[in-house]
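The structure appears right after this line, and notes come after that.
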Amino acid sequence: METVPKPSRDVPPKKNRLQAKKKVETSLGWKRKTRRYWEEETSLTAAGASPGPPSNKKNRELRHQRPKNTNIQKKSRFSRAQPPKKPRELRNPEPQRSLSGAQDPFPGPAPIPVEVAQKFCRIDKSKKLPHSKSKTRSRLEVAEAEEQEISIKAARSELLLAEEPGFLEGEDGEDTAKIRQVDIVEAVDIASAAKHFDLNLRQFGPYRLNYSRTGRHLAFGGRRGHVATLDWVTKRLMCEINVMEAVRDIRFLHSEALFAVAQNRWLHIYDNQGIELHCIRRCDRVTRLEFLPFHFLLATASETGFLTYLDVSVGKIVAALNARAGRLDVMTKNPYNAVIHLGHSNGTVSLWSPAMKEPLAKILCHRGGVRAVAVDSTGTYMATSGLDHQLKIFDLRGTFQPLSARTLPQGAGHLVFSQRGLLAAGMGDVVNIWAGQGKASLPSLEQPYLTHRLSGHVHGLHFCPFEDVLGVGHTGGITSMLVPGAAEPNFDGLESNPYRSQKQRQEWEVKALLEKVPAELICLDPRALAEVDVISLEQEKKERIERLGYDPEAKAPFQPKPKQKGRSSTASLVKRKRKVMDEEHRDKVRQSLEQQPQKQEKKAKPTRARPSALDRFLR
Amino acid sequence: MSAAGVAESLLALSQQEELEDLPKDYPLNPSEDEEDIDGERKHQKLLEAISSLDGNNRWKLAERSEASLKVSEFNVTSEGLGEKLVLSDLLGPVKTSSSLAAVKKQLNRVKSKKTVELPLNKEEVERARTPLEQEVFNLLHKNKQPVTDPLLTPVEKASLKAMSLEEAKMRRAELQRARALQSYYEARARREKKIKSKKYRKVLKKGKAKKALKEFEKLQKENPTAALEELEKIEKARMMERMSLKHQNSGKWAKSKAIMAKYDLKARQAMQEQLARHKELTQKLQAASESEEEEGDVEEEGELLVPDAVNEIQMDADGPNPWMLRNHSSGTKEARIQDPEQLPEPVAHETPESEEEERPGAEEEILLNEFEERRSLRKKAELNQDTEPVSRQEPKDSSSQEVLSELRALSQKLNKENQSGKQKVSSARTVRVVQRKDPTEEEEEPLLLHRPERAQTVEDLEELGKEGCFQNKEVPRSVLEGQQLERNPNNHPGAPKEKKKKEQMIDLQNFLTTKSPSVKSLAVPMTIEELEDEEERDQKRMIKEAFAGDDVIRDFLKEKREAVEASKPKDVDLTLPGWGEWGGVGLKPSAKKRRRFLIKTPEGPPRKDKNLPNVIINEKRNVHAAAHQVRVLPYPFTHHQQFERTIQTPIGPTWNTQRAFQNLTMPKVVTKPGHIIKPIKAEDVGYRSSSRSDLSVVQRNPKQLTVRHKNQLKKNSID
């Protein structure tokens, strides 16, 4: 999800892959159908006949795996929202008749709402293209048709995303923040209620914790050396050790089989049985860890001020960047583009990529130092909290401007975004959660969605993926909170399946390694890769012209064709030439005349905004 | 004989005195010395006078047509210029280097501060109060009697200087002895010089070295500066040794020895000795005050190695670069902003006096640096609102009152310009207009030595306009500012002065200090729950205190400015000094030439963070990522946007449904095991077969075929 540009956050329907591989069937509008040499002439006619019926089998397959999200229904207090009906629909025009002769009451493939299909369209049609030749135009048309086809298919398979997110809704005017965890636990089903638990671990100090990517496993490390991982759903302990050293941070690598622990001196990597596999001495005095799953990079921020990227698939340090801002202890990743955000003591947040020695961007956020940074899963919003007790949300889409700000009584020490854009902040021994309207919207900081008081000060926060659960590590141990509506209800069974077997995991691991994204591709705009490198293109063109001595793409000057006898006298040739030249000249003049009023308008604008003498009284 | 001798010696003495006095007292008038040249010049003058009779009486200045470091004083005339030529002016360097100038100034200041004198001494001598005293003084003056200390008349002095007969005799004898001794020594030296014994030479050298060392040590104790010079000499010798190939077993003798060395122990030893000697000679001398000397050396060496011209040229290159200029002025501005804090007020009051005293020293510099100063002043005057009060506060830095008054005049002129310019600018804010306007200004004010002012950016233009706006308010404002500064110099020292960035600054300030509404949470963290309000206030105060010192915003703005500066494309200066004109140390290529050979790099697209005061976006290209991008347009596409459209839809299974993925990646050619692949026939491709008469084949046009196929397909699908 990091490198992949997506118009929507919905997990794309890849579940089709579960289907048994079938022979390719071509639907009607498919243009790429080609004739194969082994096919008979007659088979051509049958080729586009019947599109396959929608496979119910796959649906069934999915159903038994669906996550038990907390859907709360308690009398009238909580209610489920009804998804609004879609008004506009795409409909295939031609009706179809079955073989038996019976009329199909719903002829043709199922209609698809335009908005849903639009969500999967990636071609940016806002830019106007320069005039293109017919050949080019046909290519463009093909690309657009393909896109439409694909988006319709994707929209159709959205049907398979059966689960809906749960949420809390107060009775008229009731504040949801007043609802305590106990109330929620009472209201939900037993399976969901079991997800709320407390681990009392007062002995080994404040805890940091991390869920694996599938959301099934939980790793936590106490400052006094206690490290443990467990399958938190079944509460089965996988390993528990004491590293006899201060633990700063803990993080799962690509799967639950490996986890990295930032210890007092060096970075250590353990397997799921607690056996130390590696001690990485080049990463010393690490304070924060972050794992980029699509690049297989473990980013570490150290006390010495270095941001180090370790490629865990080959065990090589990809880049060690000096942030030149003293001790680093605030770090988060942008899940959209895999950029690392570091918070500094001078109130700035810097954005880093392993390909660049300098930060990609630097944003001044607070007057005091930055205490915590979090980025939401779409890479749209960044929440920061500083020593000036402010909590701000920034827009990361190019402008980096604050969208909303709040002053908190004590300032938030920890921030985290959930998959669906809920923002949790740990302030002292209290956790506040804010929610916005719907998915991926800006969380409104006016009213907290939920609050919860813990038995100790918050030291680590992490939302569990695909479960409406917030894990909080604090001085008194670990608390697993229920936060309805936090997580994505539908998971991608092939990408991060909480119920996967060992075999599936191995399979996935291989595939993920094959699809590993190179570290140098990390940049602010991941879509930049789909663009032509204009600078080197121009450069090469220029070099080519220099090499050849002329511009091969330049329009050749008009050469009058020789006409019949008597017609192509020198005078007439010149005349014809002049005619063409004049025509071109006239075109040019016309164009420039057309452009002139536009320019004048542009010029005229600033004069209107001329400062008047009365302006001085404005302030 | 004796009388004559006395007379002679007296004469000699007086002559000597004269000679000594000559360079000091007499302004050199070369025309007296060389009459022929003078005649020539007079002739020329006459010619000029005649030529100027026709009304066009322009005073042609005597010009030097040739540039060189060594200017003979005989070629220089004082005519044309209204003033007298002073030798000291000619002897001084063309332009003192800035670092030395500062030191010089300091020295002058120190000199000018006279030691406290006892009041009595002066009073006694100078003043004649009572009439009696006045009379006495008058008398004394008339008779050329000394009033002050020496108490000797000139005649007495002369008589004192004259010697008695005995003394003269003794002196003569002494001189004779000295002459004799000299001749002895000379003879001895000649003899010794002819000695060819190597051993003797060796011993002599050793002795000399020892002696030198001893002397050096002695010098070090007595006169460290002289010792330093000595050390330098030694160092120079070392350098020479290092440069030369001596004692490196590379000479004729050494080579012959090398051949012998295999068999001859002595030869081997000699070779070793020579190498050791080389080592010894090239070893760096470890002196007591090593670090200081080294620093001095380094500095001097630096000066030696890098001729002034290089630096100057660099400065020149910087000169026309508008960005660098602005940077420079802003740098001075910053320095100025800092200064008033550091300086206590009494000092500021004192400065004008001390300055007047130092003026004669600084005058040359001022004359010579006038151009630069004017230029920089002009730049400062652009920001006149802040410069003026500041410069008034501390006229200390390098500019005398003269320059100050000039500055004021300049700034006023510029204000006028700006006001007039503002109207123009607001009517049409284009760069062209301003450029067109500038030459006229130049004509009006040749005094200013305007380089045609380019409005570098639209922002600049706006700034100009704004300044024009603010002119009315300027005076009261600056006064107010001054008062504020006096009251609390530490309170926001930067805020009122960073006028240039004002808009941006305010924006940023607002953005960071706006009061955001505070959250009223149900569960308030434990620690604060009691006495929340008070504690909150307390904490706020504490935080404010803690972060009052490090001004985050200013730091950030500074960083941003640096980043912007660094990313600006640099102009290329291809000026070669000395080509097509006279070159040499202290001469700069003319502005015209510089302008001609300055290649201005076109300004790139505007920065992404241009309007975002709180953001620095790195504009550098990610080369590693660019390597993965497409850099060649495939065939039918003529514009990169067209091609981009076709590759915007992802093909991979991560983004697509299974079937869509399969369709997208379907290969054009698929082979299947067990099926024969027949060779291609001409008909398959659509060519005519060999037999022309076969009409059916001819009609089977590929286009028609596909159309027919399509129709068939449609029919099938409908059925």
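Would you work out if region A:176-507 is rounded, prolate or oblate? Take a ≥ b ≥ c from the square roots of the eigenvalues of the alpha-carbon gyration tensor; rounded if a/c is under 1.5, else prolate when a/b is larger than b/c, oblate otherwise.
On the way: a/c = 1.37, a/b = 1.02, b/c = 1.34.
Rounded, since a/c falls under 1.5.
At R0 = 22 Å, how high is the FRET efficiency between residue A:193 and residue A:239 if r is their beta carbon distance? Nearest 0.05 is fine. Present the calculation step by step, with values, prior to reporting the outcome.
Numbers: r = 27 Å, r/R0 = 1.22.
Efficiency computed from Cβ-Cβ geometry: 0.25.
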State the answer as a single residue: which of B:227, B:260, B:282 lies farthest towards the positive end of the charge dipole of region B:195-292, with beta carbon charges of +1 for Lys and Arg and -1 for Asp and Glu, about the Cα centre. B:260
Label-point separation in nm, residue B:180 to residue B:145, each point 7 Å along Cα→Cβ: 5.1 nm
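Based only on other Cβ atoms within 10 Å, what is the fewest-to-most ordering of A:467, B:192? Let's see the in-between values first.
On the way: A:467 29, B:192 10.
Ordered from fewest to most neighbouring Cβ atoms within 10 Å, A:467, B:192 come out as B:192, A:467.
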Rounded to one decimal in nm, the spacing of the 7 Å Cα→Cβ label points at residue B:201 and residue B:233 is 2.2 nm
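Given 0.36 nm per residue, what is the gain on full extension from residue A:104 to residue A:578 after removing their alpha carbon distance, in nm? Write down the numbers at each step before the final one.
On the way: separation 474, 0.36 × 474 = 170.64 nm, distance 6.83 nm.
Gain on stretching residue A:104 to residue A:578: 163.8 nm.
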Fewest to most neighbouring Cβ within 10 Å: what's the order for A:483, B:552? B:552, A:483
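Hey, got the average number of other protein chain Cβ atoms within 10 angstrom for residues in A:366-375? Walk me through the intermediate numbers first.
Details: counts 3, 10, 6, 2, 0, 0, 0, 0, 0, 0.
Mean number of neighbouring Cβ atoms from other chains: 2.
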For a label point 7 angstrom out from the Cα of residue A:180 toward its Cβ, which stretches of region A:414-448 have the backbone nitrogen within less than 20 Å? A:427-433, A:448
What dipole magnitude, in Debye to the nearest 20, does region A:176-507 give about its Cα centre under +1 on Lys/Arg Cβ and -1 on Asp/Glu Cβ? 700 debye
Between region A:531-579 and region B:256-272, how far is it from one alpha carbon centroid to the other, in angstrom? 80 Å
How many nm separate the modelled label positions at residue B:107 and residue A:501, each set 7 Å beyond the Cα in the direction of the Cβ? 9.4 nm
Expressed as a whole number of Å, what is the distance separating the alpha-carbon centroids of region B:623-688 and region A:419-442? 45 Å
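Taking neighbour Cβ counts within 10 Å as the exposure measure, how do A:275, B:647, A:393 sort from fewest upward? Intermediate values should be presented prior to the final figure.
On the way: A:275 10, B:647 16, A:393 25.
Taking fewest neighbouring Cβ atoms as first place, the list is A:275, B:647, A:393.
Ignore the peptide's own chain and count Cβ atoms of other chains within 10 Å of each Cβ in A:449-459; give me the average, rounded.
Values: counts 0, 2, 4, 1, 5, 2, 0, 0, 3, 1, 0.
For peptide A:449-459, the averaged partner shielding equals 2.
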Rounded if a/c is under 1.5, else prolate if a/b is larger than b/c, else oblate: which is region A:242-332, with a ≥ b ≥ c the root eigenvalues of its Cα gyration tensor? oblate
When a/c is below 1.5 the answer is rounded, else prolate if a/b is larger than b/c, else oblate, so apply that to region B:153-196 with a ≥ b ≥ c taken from the square roots of the Cα gyration tensor eigenvalues. prolate
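Can you list the chymotrypsin sites (Phe, Trp or Tyr not before Pro) in region A:501-576 that are in a DSSP coil and have 11 or fewer other beta carbons within 10 angstrom?
On the way: sites: A:508, A:550, A:558; in loops: A:550, A:558.
Here the sparse-neighbourhood loop sites are A:550.
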Find how many whole Å separate the alpha carbon centroid of region B:180-203 from the alpha carbon centroid of region A:243-322. 82 Å
If R₀ is 41 angstrom, what is the calculated FRET efficiency for the pair residue A:129 and residue A:558, using the beta carbon separation as r and rounding to 0.05? 0.95
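Each value in this text was obtained by applying a stated rule to the coordinates, not by laboratory testing. Fair warning: this is a prediction, and the values are worked out from it, not measured in the lab. Quick reminder, even Gly has a Cβ in these numbers, built from the backbone with ideal geometry, and neighbours come from all protein chains shown.
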